[in-house]
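Data first, discussion second: the structure below is written as structure tokens.
The values are calculated or read from the model by the stated rules, or taken from the named source; none is laboratory data. Small disclaimer: the values here were computed from a predicted structure and weren't measured. Here Cβ is always computed from backbone atoms with ideal geometry, including for glycine, and neighbour counts include all displayed protein chains.
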């Protein structure tokens, strides 16, 4: 554990800032493509797919993935950094907060597989014709935006509550 509280706090801010920057970058990249959608030119079927896709992404990406798993874990791991972070964890704080290391084997495997899957999906979707790419990007954009809000919410909640409030149910750190 790093003794300096200021360094641990800086590492926690670095971890949270890196996480927010990563999500914000994704939102920024999707913004132009998603809003390139000409709603007036969509057929009834395309509107139907758009509504279903946005609802699906808000639920699965926003609520289930971010709201139930990722955001509480990020908040807990950020609090852990502020309390007990090691030099390695503080230097690589965004990667630590995401769960790329010092997590359970299951968490690390899931994190790496998810990362590779997102990269493959992002590259594949690039080749879809209009309006399908903007339709898919709209769902991803709204899911990421929902996720950004949940990251802020759970971090605020963890800071206001006792530090173990969120961390206890998901302790998966190796010292």
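Among the residues of region 90-107, those identified as over 15 Å from the mean Cα position of the chain (by Cα) and part of a helix (DSSP H, G or I) are 90, 91, 105, 106. For region 28-57, residues that are within 15 Å of residue 145 (Cα to Cα), surrounded by fewer than 17 Cβ atoms within 10 Å (Cβ to Cβ) and at pLDDT 95 or above total 5. Being touching a helix residue (DSSP H, G or I) at 6+ places or on another chain (Cβ under 7 Å), modelled with pLDDT under 95, under 27 Å from residue 33 (Cα atoms) and part of a helix (DSSP H, G or I), is that true of even one residue in region 132-151? Within region 132-151, not a single residue is touching a helix residue (DSSP H, G or I) at 6+ places or on another chain (Cβ under 7 Å), modelled with pLDDT under 95, under 27 Å from residue 33 (Cα atoms) and part of a helix (DSSP H, G or I). Look at residue 63 and say whether it is in contact (Cβ under 8 Å) with a residue 40 or more places away in the chain and assigned to a helix (DSSP H, G or I). Answer is yes for this residue. Filtering region 33-60 to residues that are free of Cβ contacts under 8 Å to residues at least 40 places away in the same chain, farther than 26 Å from residue 74 by Cα and assigned to a helix (DSSP H, G or I) leaves 39, 40, 44, 45, 47, 48, 51, 52. Looking at 162, 102, just one residue is more than 23 Å from residue 26 (Cβ to Cβ), loosely packed, with under 14 Cβ neighbours inside 10 Å and modelled with pLDDT under 95, and that residue is 162.
Which ones in region 105-115 are surrounded by 14 or more Cβ atoms within 10 Å (Cβ to Cβ) and modelled with pLDDT of 90 or more? Residues satisfying the conditions are 110, 111, 114. Please work out if residue 30 is in a helix (DSSP H, G or I) and touching a residue at least 24 places away in the same chain (Cβ under 8 Å). Yes, satisfied.
Taking region 84-99 as the range and being at pLDDT 95 or above and out of contact with any helix residue (DSSP H, G or I) (no Cβ under 6 Å at 6 or more places or on another chain) as the test, the residues that pass are 91, 92, 95. For region 68-89, filtering for residues that are within 18 Å of residue 159 (Cβ to Cβ) and in a helix (DSSP H, G or I) leaves 15. In this structure, is residue 119 farther than 19 Å from residue 62 by Cα, surrounded by fewer than 14 Cβ atoms within 10 Å (Cβ to Cβ) and at pLDDT 95 or above? Answer is no for this residue.
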